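Let me begin by presenting the structure, written as structure tokens, before commenting on it.
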Amino acid sequence: MKKILLSAIMLFSAAALHAQARKPIIMVVPSDIYCTRAGYVTTYQDGNGETRTVSDYDKAFISDENLRLAISELSRIMADRGFPLKDLEQTLKSMDNQRAEADLFTGNAGGSVILSPLDRIKMTAKADIIMDLDFSIKTRGPQRYISFNLRGVDAYTNKVITSVSGDGRPSTAVSTGLLIEEAVLNYMDSFNAALQAHFDDMFANGREVTISIRMTDNCPITMNDEVEFLGETVLFSDVLDYWMDENTVNHRFSRVAGGDNFVDYEQVRIPLYKTVLGKERAIDTRSFAMDLARFLSKEPFNLPYKLNERGLGNVWIVLGD
């Protein structure tokens, strides 16, 4: 009887640990609308010399106590429901420690890529889902209440998973945290259920990313050149399709564009985890693209490559010197 009880406890513990491991990584980020309205923005010039405006999260946390309280309260509410959040403020500090990294990345293809602050945050935190928060504190006589809009966004595709919005009940509560709790509490169970369902779909069917392949002028091959592969004569682009079919989850990918020197794949479903050196490890877009690049760098192709990360869910593989 003791052995049966012990086995049951072990099975329950293993199931609990497995369920916990399958929780998505989530981070709350103030929306661009919120930052723009409050003046928490900064400007930069892109590769074409055009001035662009982006949210300045460092400025927001330094200047806005209500924002910090609102994010802290949302973090507590989510943690109570089994969804511990990555902390945005700590992620920003980690990024500050890496400030020596250049803001401008130049790829082999001759183009330049500038990552937005949100892209950098996503790549640092490796979040699966971003909770995009916009709110404002309003008054009605002696009472205050919060009007809010909360969206769950896939960090890799920027697609909205679910959203809720509304007004909290007017209250004499002084704390912004309490106002947030009163406003969002009734929505969070269904909101979290939608986030978990999206993550479960990713676990079963793969994470959706974009992979683009580019060739330099001196690349020794083009997409439409014939090559010998697995005993057949096929186009080089067919080899890429073959690799995608073999390595995506349930063979799911879409080839959306192609030419002599490029091909673009969207809706590429990559696994969330793979076993490396006997351990299950998380996979991101870069590691998936690296596997393809290494495949092309070996016999019979021997193509040099460089990876160009254009965001958490978008990587270019540049082939050629």
Point to revise | N48, sole failed condition from (1) over 15 Å from I25 (Cα atoms); (2) part of a helix (DSSP H, G or I) | key: (2)
Practice item. Mind counting the residues in segment 240-281 that are open to solvent by less than 40 Å² (accessible area, probe 1.4 Å), assigned to a strand (DSSP E or B) and charged (D, E, K, R)? Key: 2
Review point. L150: open to solvent by less than 20 Å² (accessible area, probe 1.4 Å), among the aliphatic types (A, V, I, L, M) and in contact with a helix residue (DSSP H, G or I) (Cβ under 7 Å, 6 or more places away or on another chain), yes or no?
Key: yes
Review point. Out of the residues in segment 282-303 that are farther than 22 Å from N224 by Cα and in a loop (DSSP other than H, G, I, E, B), which is least open to solvent (accessible area, probe 1.4 Å)?
Key: I283
**Study point:** Contacts under 9 angstrom Cβ, first residue in segment 169-180 being under 19 Å from D64 (Cβ atoms), partner among the polar types (S, T, N, Q) and open to solvent by less than 50 Å² (accessible area, probe 1.4 Å), 6 or more apart
**Key:** L178/S171; L179/S171
Practice item. Any chance you could count how many residues in segment 163-188 are open to solvent by less than 30 Å² (accessible area, probe 1.4 Å) and either in a strand (DSSP E or B) or not aliphatic (A, V, I, L, M) (or both)? Key: 6
Check your understanding: Quick check, is Y156 at pLDDT 90 or above and within 19 Å of D64 (Cα to Cα)?
Key -> no
Revision key, fill the gap. Going through segment 72-83 in order, the residues found to be surrounded by 17 or more Cβ atoms within 10 Å (Cβ to Cβ), within 18 Å of P24 (Cα to Cα) and modelled with pLDDT of 90 or more are L74, S75, I77, M78
Practice item. Take I137 and decide whether it is among the hydrophobic types (A, V, I, L, M, F, W, C) and surrounded by 16 or more Cβ atoms within 10 Å (Cβ to Cβ). Key: no
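The values are calculated or read from the model by the stated rules, or taken from the named source; none is laboratory data. Since this is a predicted model, take the numbers as computed values, not measurements. Because the Cβ atoms are built from the backbone with ideal geometry, glycine has one as well, and the counts that use them run over all protein chains shown. Surface accessibility is based on the protein's heavy atoms, side chains included, excluding ligands, DNA and RNA. Shrake-Rupley method; radii C 1.70, N 1.55, O 1.52, S 1.80 Å.
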